[in-house]
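Participant: The structure that follows is given in the form of structure tokens.
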Amino acid sequence: MTTPAQQILHDVFGYATFRGEQQAIVEQIAGGGDALVLMPTGGGKSLCYQIPALLRPGVAIVVSPLIALMQDQVDALRQLGVRAAYLNSSLSADAAREVQGQLRRGELDLLYVAPERLLNGNFLALLEQMQLENGLALFAIDEAHCVSQWGHDFRPEYRELTILQQRFPAVPRVALTATADAPTRREIVERLSLEQARQFVSSFDRPNIRYRVTLKSNALNQLQDFLDKEHPNDAGIVYCLSRKRVDETAAKLVALGWDALPYHAGLDAATRAHHQSRFLREEGVIMVATVAFGMGIDKPNVRFVAHLDLPKSMEGYYQETGRAGRDGLAADAWMAYGLGDVVSMRQMLLSGDSPEARKRVELQKLDALLGFCESTACRHQTLLRYFGEQHAGDCGECDNCLTPVQTWVATRAAQMALSCVYRTGQRFGVGHLIDVLLGKQTARVEKFSHQQLSTYGIGVEHTLQQWSSVFRQLIAGGFLEADIEAYGGLRLTEIARPVLKGEQQVLLRRDAEPAKRKSTRTIRDDKSREPFAGASEDRLWLALKAKRMELAREQGVPPYVIFHDSTLLEMRDQRPGSLTEMGRISGVGQGKLVRYGDDFLKVIEDEANR
């Protein structure tokens, strides 16, 4: 027997079955219970509160931190025939009054609001009035990790949302996030008074994302090679650490013929909004950005996320790479990583103004990310282990699984490197230390008489690149650290002592020489993973996309709000010949079938008759 929730899933959203724990979550909230939902990006979190909102009487209030996310969600819901609106600073006074009028008249199923708006005394009073007159279906707190003071998306207003439990104790609450380790989960529960909430923790695994970490040589050239060979026409995000690097990278990509846009906090609000709108509403745009861009971006067909600089933590990396492949189709997470990243990120964290306790936490998080970069194990396994989850077997998809990394017993090399740091006074950077080990007669080596040291010239059996790899991995492993007062010079840590004494063996990954690295194209030649195989030459696929873009432009919405790529691919493969057959395509609910069914059937018919 079909339940009301399943009926809404099919008729409104166009899906035949729930995924994972969606059904259990929907039943918990629809039944009036509280819930904490941890589900990866693209796992279908929104349905977990949108369906209960349609099942329960009254309006559902959704707390969201970003304007772009609200607009996307509301556009998508209106396409489905759901009565949705948002209240935020982007609305004019007249438009805001109209939305509040709809709220008072009971004409909304879902209302998206910013936390600042929700906490306004007048708005809370209005909600109390709504509860008495039309009812409040539920409160959904999206991006709930924003409550954590240790998180990179901390929003102080989120901590005040406990007022919902105090003033509306009978209204069910659901907190949702895609990024939360165990301490953050505990903080969410405590700060939002969700001690009695049922917790739903889905797998953090994103099997459709292929993780790759490549040794950085010339990051921009490597990025260009990656884009040329694997994503010549795709939308994607390139993350950089600084605003200057964002501007330079975007400008160089544009000069090379890519449709690339910069995004960072140094740009004025109008420029940021324009660039974000273009990224969402056009095909094949690349956004080059700092972490100021991304949270709440709902674009499902982001085919790659590239990092030209190291993120600050595993949570940050997971969240940023999670913006790729939200539609469940194949996507890439690609990162160029090198010695400079290790040193500069540690320096940045240590030299910041944060309290010592926070610095310790940030360094621990960075160390976990460095461990991920240097790992020789399956990337999916390493990532999931950080979040307290086990992964059954190797993924067979990441770089380490596809081209297993060799390791070597580097104990003697590590001892040479550590001894060189010690004998030069623990105040010099990697470049100088390698010069000493290779016996180079540089002006600086001679100035400090380092050619007289016992470590001078003892490392000639290894190349400059090999020594750079050794130092990078020793820093990442915590044997060496940058001394801020010595302008980034390296010094020994306590765990280096057993290595120097010969009491501990050191195993390091053997980096491939840059000149001998295989083209990334060899990985992508596995066409069994590629859902768009031949799509660029497929006339029906191109025609379906063109119709989608035409309709999207007419309505002023992003193309994916009409249909996701996955839905168009199913149309291409199934070639429905009637509205009944079209209604069986995943993602085509009754509302969209009525609005767009004939348009897309005509495209399919026209292509069949060519």
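The values are calculated or read from the model by the stated rules, or taken from the named source; none is laboratory data. Keep in mind it's a predicted model, so treat the numbers as computed, not measured. Cβ atoms come from the backbone with ideal geometry, glycine included; neighbour counts cover every protein chain shown.
Participant: Quick one: which residue in Gly32, Gly43 is assigned to a loop (DSSP other than H, G, I, E, B), under 26 Å from Val561 (Cβ atoms) and either among the hydroxyl-bearing types (Ser, Thr, Tyr) or touching a residue at least 12 places away in the same chain (Cβ under 8 Å) (or both)?
Facilitator: On the way: Gly32 fails: under 26 Å from Val561 (Cβ atoms).
From the options Gly32, Gly43, the qualifying one is Gly43.
Participant: Let me ask another. Applying the selection to the range 536-556, what residues are under 20 Å from Glu605 (Cα atoms) and either among the hydrophobic types (A, V, I, L, M, F, W, C) or surrounded by 14 or more Cβ atoms within 10 Å (Cβ to Cβ) (or both)? Show your work before the answer.
Facilitator: Restricting attention to the range 536-556, the residues satisfying the condition of being under 20 Å from Glu605 (Cα atoms) are 536-551.
Hits for the range 536-556 are Asp538, Leu540, Trp541, Leu542, Ala543, Leu544, Lys545, Ala546, Lys547, Arg548, Met549, Leu551.
Participant: Here is a follow-up. Mind telling me which of the residues Leu38, Leu69, Leu80 ends up being surrounded by fewer than 23 Cβ atoms within 10 Å (Cβ to Cβ), among the hydrophobic types (A, V, I, L, M, F, W, C) and more than 20 Å from Thr567 (Cα to Cα)? Can you show your working first?
Facilitator: Values: Leu38 fails: surrounded by fewer than 23 Cβ atoms within 10 Å (Cβ to Cβ); Leu80 fails: more than 20 Å from Thr567 (Cα to Cα).
Being surrounded by fewer than 23 Cβ atoms within 10 Å (Cβ to Cβ), among the hydrophobic types (A, V, I, L, M, F, W, C) and more than 20 Å from Thr567 (Cα to Cα) holds for just one of Leu38, Leu69, Leu80, which is Leu69.
Participant: Let me ask something else. Determine, yes or no, whether Arg185 is closer than 26 Å to Arg19 by Cβ, in contact (Cβ under 8 Å) with a residue 40 or more places away in the chain and either aromatic (Phe, Trp, Tyr) or part of a helix (DSSP H, G or I) (or both).
Facilitator: Details: closer than 26 Å to Arg19 by Cβ: yes; in contact (Cβ under 8 Å) with a residue 40 or more places away in the chain: yes; either aromatic (Phe, Trp, Tyr) or part of a helix (DSSP H, G or I) (or both): yes.
When the stated conditions are applied, Arg185 passes them.
Participant: Given the residues Ala140, Ala180, which is the only one that is buried (at least 21 other Cβ atoms within 10 Å of the Cβ), in contact with a strand residue (DSSP E or B) (Cβ under 7 Å, 6 or more places away or on another chain) and not in a loop (DSSP other than H, G, I, E, B)?
Facilitator: Numbers: Ala180 fails: not in a loop (DSSP other than H, G, I, E, B).
Matching residue, one of Ala140, Ala180: Ala140.
Participant: If you go through the range 284-300 one residue at a time, how many are buried (at least 18 other Cβ atoms within 10 Å of the Cβ), in a loop (DSSP other than H, G, I, E, B) and out of contact with any Ser or Thr (no Cβ under 9 Å at 6 or more places or on another chain)?
Facilitator: Qualifying residue count for the region: 7.
Participant: Between Gly340, Gly325, which is in contact (Cβ under 8 Å) with a residue 60 or more places away in the chain and in a helix (DSSP H, G or I)? Walk me through it before giving the result.
Facilitator: Details: Gly325 fails: in a helix (DSSP H, G or I).
Result of the check over Gly340, Gly325: Gly340.
Participant: Here's something else I'd like to know. Among the residues of the range 143-176, what is the count of those that are part of a helix (DSSP H, G or I), of a type in the set (Ser, Thr, Tyr) and over 24 Å from Asp72 (Cα atoms)?
Facilitator: First, the residues of the range 143-176 that are part of a helix (DSSP H, G or I): 144-147, 156-167.
Subsequent filtering for residues that are of a type in the set (Ser, Thr, Tyr) retains 158, 162.
Remaining after also requiring over 24 Å from Asp72 (Cα atoms): 162.
Adding up the residues that qualify gives 1.
Participant: Another one. Tell me the residue from Gly325, Gly316, Gly338 that is in contact with a Leu (Cβ under 9 Å, 6 or more places away or on another chain) and closer than 21 Å to Thr41 by Cα, please.
Facilitator: On the way: Gly325 fails: in contact with a Leu (Cβ under 9 Å, 6 or more places away or on another chain); Gly338 fails: closer than 21 Å to Thr41 by Cα.
Every option except Gly316 fails the conditions.
Participant: Tell me yes or no: at least one residue of the range 430-445 is farther than 24 Å from Gln504 by Cα, among the charged types (D, E, K, R), in a loop (DSSP other than H, G, I, E, B) and out of contact with any Asp or Glu (no Cβ under 9 Å at 6 or more places or on another chain). Walk me through how you get there before you give the answer.
Facilitator: Taking the range 430-445 first, the residues farther than 24 Å from Gln504 by Cα are 431-432, 435-436, 438-445.
In the following step, the residues that additionally are among the charged types (D, E, K, R) were identified as 435, 440, 444.
Applying the additional criterion that residues be in a loop (DSSP other than H, G, I, E, B) yields 440.
From the residues that got through so far, the ones that are out of contact with any Asp or Glu (no Cβ under 9 Å at 6 or more places or on another chain) too are 440.
Yes, the conditions are met somewhere in the range 430-445.
Participant: Moving on to the next point. Going residue by residue through the range 187-203, is there one that turns out to be charged (D, E, K, R), under 26 Å from Gln131 (Cβ atoms) and surrounded by 20 or more Cβ atoms within 10 Å (Cβ to Cβ)?
Facilitator: Pass one, the range 187-203, residues charged (D, E, K, R): 187, 190-191, 195, 198.
Going one step further and asking which of them are under 26 Å from Gln131 (Cβ atoms), we end up with 190-191, 195, 198.
Pick out the ones that are also surrounded by 20 or more Cβ atoms within 10 Å (Cβ to Cβ) and you get none.
No, because not a single residue in the range 187-203 is charged (D, E, K, R), under 26 Å from Gln131 (Cβ atoms) and surrounded by 20 or more Cβ atoms within 10 Å (Cβ to Cβ).
Participant: Which helices (runs of 4 or more DSSP H) sit wholly inside the range 448-564 and have at least 2 residues that are modelled with pLDDT of 90 or more? Please lay out each step first, then the result.
Facilitator: On the way: elements: 464-476, 497-500, 521-524, 539-555, 559-562.
Passing ranges, in order: 464-476, 497-500, 539-555, 559-562.
Participant: Which one of Tyr386, Tyr422 is closer than 20 Å to Ile495 by Cβ and among the aromatic types (Phe, Trp, Tyr)?
Facilitator: Numbers: Tyr386 fails: closer than 20 Å to Ile495 by Cβ.
Exactly one residue qualifies, and that residue is Tyr422.
Participant: Here is a follow-up. In the set Ser217, Ser202, which member is in contact (Cβ under 8 Å) with a residue 60 or more places away in the chain, touching a strand residue (DSSP E or B) at 6+ places or on another chain (Cβ under 7 Å) and among the hydroxyl-bearing types (Ser, Thr, Tyr)?
Facilitator: Numbers: Ser217 fails: touching a strand residue (DSSP E or B) at 6+ places or on another chain (Cβ under 7 Å).
From the options Ser217, Ser202, the qualifying one is Ser202.
Participant: In addition: Out of the range 51-101, which residues are within 26 Å of Gly294 (Cβ to Cβ) and in a loop (DSSP other than H, G, I, E, B)?
Facilitator: Residues satisfying the conditions are Ser64, Pro65, Leu66, Leu80, Val82, Asn88, Ser89, Ser90, Leu91.
Participant: Among the candidates Arg104, Arg97, Arg117, Arg56, single out the residue that is in contact (Cβ under 8 Å) with a residue 40 or more places away in the chain and charged (D, E, K, R).
Facilitator: Working: Arg104 fails: in contact (Cβ under 8 Å) with a residue 40 or more places away in the chain; Arg97 fails: in contact (Cβ under 8 Å) with a residue 40 or more places away in the chain; Arg117 fails: in contact (Cβ under 8 Å) with a residue 40 or more places away in the chain.
Every option except Arg56 fails the conditions.
Participant: Any residue that is modelled with pLDDT under 90, of a type outside the set (Gly, Ala, Ser) and more than 30 Å from Arg360 (Cα to Cα) - is there at least one of those in the range 72-79? Give the derivation first.
Facilitator: The initial filter retains those residues of the range 72-79 that are modelled with pLDDT under 90, namely 72-73.
Of the ones still in play, those that are also of a type outside the set (Gly, Ala, Ser) are 72-73.
When the remaining residues are screened for being more than 30 Å from Arg360 (Cα to Cα), the result is 72-73.
Checked against the condition, which is being modelled with pLDDT under 90, of a type outside the set (Gly, Ala, Ser) and more than 30 Å from Arg360 (Cα to Cα), the range 72-79 yields at least one hit.
Participant: Looking at the range 565-610, which of the residues that are of a type in the set (Lys, Arg) and part of a loop (DSSP other than H, G, I, E, B) is modelled with the lowest pLDDT?
Facilitator: Just the residues of the range 565-610 that are of a type in the set (Lys, Arg), to begin with: 572, 575, 584, 592, 595, 602, 610.
Then keep just the ones that are part of a loop (DSSP other than H, G, I, E, B); that gives 575, 584, 610.
On the way: Arg575: 96, Arg584: 94, Arg610: 81.
Per the criteria, the residue is Arg610.
Participant: If you don't mind, there's one more thing I want to ask. Return the residues of the range 566-607 that are under 15 Å from Arg539 (Cα atoms) and either in the same structural domain as His274 (by TED's automatic domain parsing) or charged (D, E, K, R) (or both); say none if nothing qualifies.
Facilitator: Residues satisfying the conditions are Glu570, Arg572, Asp573, Arg575, Lys602, Glu605, Asp606, Glu607.
Participant: Here are some conditions: (1) polar (S, T, N, Q); (2) within 18 Å of Arg212 (Cα to Cα); (3) touching a strand residue (DSSP E or B) at 6+ places or on another chain (Cβ under 8 Å). Thr403 meets all but one. Which one does it not meet?
Facilitator: For Thr403, the exception is condition (3).
Participant: Right, next: Filter the range 418-429 down to the residues that are part of a loop (DSSP other than H, G, I, E, B) and basic (Lys, Arg) and list them by number. Give the steps one after another, and end with the answer.
Facilitator: The first filter runs over the range 418-429 and keeps only residues part of a loop (DSSP other than H, G, I, E, B), leaving 424-429.
Result: Arg427, single match.
Participant: Please find, among Pro576, Pro559, the residue that is over 26 Å from Leu280 (Cβ atoms) and surrounded by 14 or more Cβ atoms within 10 Å (Cβ to Cβ). Quick ask: steps written out before the conclusion?
Facilitator: On the way: Pro559 fails: over 26 Å from Leu280 (Cβ atoms).
Checking each option against the conditions leaves just Pro576.
Participant: Which numbered condition in (1) of a type outside the set (Lys, Arg); (2) in a loop (DSSP other than H, G, I, E, B); (3) at pLDDT below 90; (4) surrounded by 15 or more Cβ atoms within 10 Å (Cβ to Cβ) is the only one that Ser217 fails?
Facilitator: (4)
Participant: Quick one: in the range 363-414, which of the residues that are within 18 Å of Ala178 (Cα to Cα) and charged (D, E, K, R) is surrounded by the most Cβ atoms within 10 Å (Cβ to Cβ)?
Facilitator: Lys365
Participant: Next up: I'm trying to understand the selection: among the residues of the range 236-278, which are among the acidic types (Asp, Glu), more than 24 Å from Met549 (Cβ to Cβ) and part of a loop (DSSP other than H, G, I, E, B)? If you could, list the steps in order and put the result at the bottom.
Facilitator: Narrowing the range 236-278 to residues among the acidic types (Asp, Glu): 247-248, 259, 268.
Right, trim to more than 24 Å from Met549 (Cβ to Cβ) and you get 247-248, 268.
The answer is Asp268, and nothing else.
Participant: Working only within the range 389-417, note down all residues that are among the aliphatic types (A, V, I, L, M) and outside any helix (DSSP H, G or I). Before you say what the answer is, go through the steps one by one.
Facilitator: Filtering the range 389-417 for residues among the aliphatic types (A, V, I, L, M) gives 392, 402, 405, 409-410, 413-414, 416-417.
Answer for the range 389-417, where residues must be among the aliphatic types (A, V, I, L, M) and outside any helix (DSSP H, G or I): Ala392, Val405, Val409, Ala410.
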